[in-house]
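Undergrad: Can you read through this structure? Questions will come right after.
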Amino acid sequence: MECDLMETDILESLEDLGYKGPLLEDGALSQAVSAGASSPEFTKLCAWLVSELRVLCKLEENVQATNSPSEAEEFQLEVSGLLGEMNCPYLSLTSGDVTKRLLIQKNCLLLLTYLISELEAARMLCVNAPPKKAQEGGGSEVFQELKGICIALGMSKPPANITMFQFFSGIEKKLKETLAKVPPNHVGKPLLKKPMGPAHWEKIEAINQAIANEYEVRRKLLIKRLDVTVQSFGWSDRAKSQTEKLAKVYQPKRSVLSPKSTVSVAHLLAARQDLSKILRTSSGSIREKTACAINKVMRIPSIFSKHIYFSS
């Protein structure tokens, strides 16, 4: 009876939110939540709700819809990371065996209810929030960066009628005054010396974006390996009783791991020449700081099927 009421509320809310998918048909939602994470249609609905949330909220985690029941575990890992980032209050969705949480009908309905309520709240806040930032120009990212520069340099608030040329000239003057008070080579010479035009900056931005995309793919792979490794810790009979403790320790740390790169063109402008000094990891000065006991063990394959280990 409780599940039937939850399904009715979910269907009504989905219509209000503008969902046009197949789960609005009679009996489709009930069938999907019964299969849970093994149902591609259920995962598609969750992915749609999350995509709508990401438009309004700054969420690092994302959820991808599955194409077959074999991808259920991967989907549940993604949902677990998302709920950790959102600080979901429902223990049944954030504790216990992560690969079995969304195989229970009630948990699936609870997940949909939670995502729907978060999306409804986000949309209401977006509608009701007055557009002060756009009107005042005080909340834009550029304004915040310029404000941070002025605060760091100890500059007073510029007058309202100042031109941009006068404003940046004032920043340049203050920078020169500040640098004159520090020892020589305290900041270091810039790594990028050649003057750049608009065409150059466009190419640099494109290069940075390409590298950021590659970085994101690699980070996602490493994070996925981490999830699978941690998941494997719970396979033993002894560890199954500690699943909840493991989740409490792991999820907070997992939620802050973002696949996105934070490196921008601004970092290139701020880079000093010391970043161009490449030291070989095998050099004497570096090895003094990185050498450890494990480096002294060599694995030598023998003529037999086993391996013999010698200490150098």
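The values are calculated or read from the model by the stated rules, or taken from the named source; none is laboratory data. Quick caveat: nothing in here was measured; it's all calculated off a predicted structure. Cβ sites come from the backbone with ideal geometry, for glycine too, and all protein chains shown count toward neighbours. Heads up: the accessible areas ignore ligands, DNA and RNA and are worked out on the full protein's heavy atoms, side chains in. Shrake-Rupley method; radii C 1.70, N 1.55, O 1.52, S 1.80 Å.
Undergrad: Would you point out which residue out of Glu41, Glu60, Glu74, Glu12 is modelled with pLDDT of 90 or more and either touching a Lys or Arg at 6+ places or on another chain (Cβ under 9 Å) or under 21 Å from Ser232 (Cα atoms) (or both)?
TA: Glu74
Undergrad: Quick check on segment 198-210. Is at least one of its residues under 24 Å from Arg272 (Cβ atoms), open to solvent by less than 70 Å² (accessible area, probe 1.4 Å) and not in a helix (DSSP H, G or I)?
TA: no
Undergrad: Which condition breaks for Arg238 when tested against (1) part of a helix (DSSP H, G or I); (2) modelled with pLDDT of 85 or more?
TA: Of (1) part of a helix (DSSP H, G or I); (2) modelled with pLDDT of 85 or more, only one is false for Arg238: (2).
Undergrad: Go through the residues of segment 210-218 one by one and say whether even a single one is touching a Ser or Thr at 6+ places or on another chain (Cβ under 6 Å), of a type outside the set (Gly, Ala, Ser) and modelled with pLDDT of 85 or more.
TA: Yes, segment 210-218 contains at least one residue that is touching a Ser or Thr at 6+ places or on another chain (Cβ under 6 Å), of a type outside the set (Gly, Ala, Ser) and modelled with pLDDT of 85 or more.
Undergrad: Looking for something more than 22 Å from Glu120 (Cβ to Cβ) and either touching a Gly at 6+ places or on another chain (Cβ under 7 Å) or of a type in the set (Val, Ile, Thr) (or both) - is there at least one such residue anywhere in segment 52-74?
TA: Scanning segment 52-74 turns up at least one residue that is more than 22 Å from Glu120 (Cβ to Cβ) and either touching a Gly at 6+ places or on another chain (Cβ under 7 Å) or of a type in the set (Val, Ile, Thr) (or both).
Undergrad: Would you confirm, using the coordinates I've provided, whether Leu257 is open to solvent by less than 100 Å² (accessible area, probe 1.4 Å), among the aliphatic types (A, V, I, L, M), part of a loop (DSSP other than H, G, I, E, B) and within 24 Å of Asn87 (Cβ to Cβ)?
TA: It is true that Leu257 is open to solvent by less than 100 Å² (accessible area, probe 1.4 Å), among the aliphatic types (A, V, I, L, M), part of a loop (DSSP other than H, G, I, E, B) and within 24 Å of Asn87 (Cβ to Cβ).
Undergrad: Out of all the residues in segment 62-81, which are buried (at least 17 other Cβ atoms within 10 Å of the Cβ) and closer than 17 Å to Glu216 by Cβ?
TA: Val63, Glu78, Gly81
Undergrad: Looking for whichever is hydrophobic (A, V, I, L, M, F, W, C), in contact with a Phe, Trp or Tyr (Cβ under 8 Å, 6 or more places away or on another chain) and either part of a helix (DSSP H, G or I) or farther than 30 Å from Leu91 by Cβ (or both) here; the options are Val230, Val187, Val182. Which one fits?
TA: Numbers: Val187 fails: in contact with a Phe, Trp or Tyr (Cβ under 8 Å, 6 or more places away or on another chain); Val182 fails: in contact with a Phe, Trp or Tyr (Cβ under 8 Å, 6 or more places away or on another chain).
The match here is Val230.
Undergrad: Looking only at segment 30-56, how many residues end up being among the aliphatic types (A, V, I, L, M) and either in a loop (DSSP other than H, G, I, E, B) or open to solvent by 10 Å² or more (accessible area, probe 1.4 Å) (or both)?
TA: So the count comes out to 4.
Undergrad: Limited to segment 2-29, what total is found for residues that are of a type in the set (Ser, Thr, Tyr) and either assigned to a loop (DSSP other than H, G, I, E, B) or open to solvent by 40 Å² or more (accessible area, probe 1.4 Å) (or both)?
TA: Qualifying residue count, segment 2-29: 2.
Undergrad: Separate question: Could you list all residues from segment 156-190 that are among the hydrophobic types (A, V, I, L, M, F, W, C), surrounded by 10 or more Cβ atoms within 10 Å (Cβ to Cβ) and at pLDDT below 85? Please lay out each step first, then the result.
TA: We begin by selecting, within segment 156-190, every residue among the hydrophobic types (A, V, I, L, M, F, W, C); these are 160, 162, 164-165, 167-168, 171, 175, 179-180, 182, 187.
The next check asks that each one be surrounded by 10 or more Cβ atoms within 10 Å (Cβ to Cβ); those that pass are 162, 167-168, 171, 175, 179, 187.
Those that are among the hydrophobic types (A, V, I, L, M, F, W, C), surrounded by 10 or more Cβ atoms within 10 Å (Cβ to Cβ) and at pLDDT below 85: Ile162, Leu179, Val187.
Undergrad: Sticking with this one: Among the residues that make up segment 136-146, is at least one of them modelled with pLDDT of 85 or more and open to solvent by 100 Å² or more (accessible area, probe 1.4 Å)?
TA: If we filter segment 136-146 for residues that are modelled with pLDDT of 85 or more, which is where we start, we get none.
There is no residue in segment 136-146 that is modelled with pLDDT of 85 or more and open to solvent by 100 Å² or more (accessible area, probe 1.4 Å).
Undergrad: Name the pairs: first residue in segment 108-123 and open to solvent by 10 Å² or more (accessible area, probe 1.4 Å), second residue part of a helix (DSSP H, G or I) and acidic (Asp, Glu), Cβ to Cβ under 8 Å, at least 6 apart or on different chains?
TA: Final answer for the pair search is Thr113/Asp9; Glu120/Asp16.
Undergrad: Could you pull out the residue among Glu205, Glu214 that is touching a residue at least 12 places away in the same chain (Cβ under 8 Å) and acidic (Asp, Glu)?
TA: Glu205
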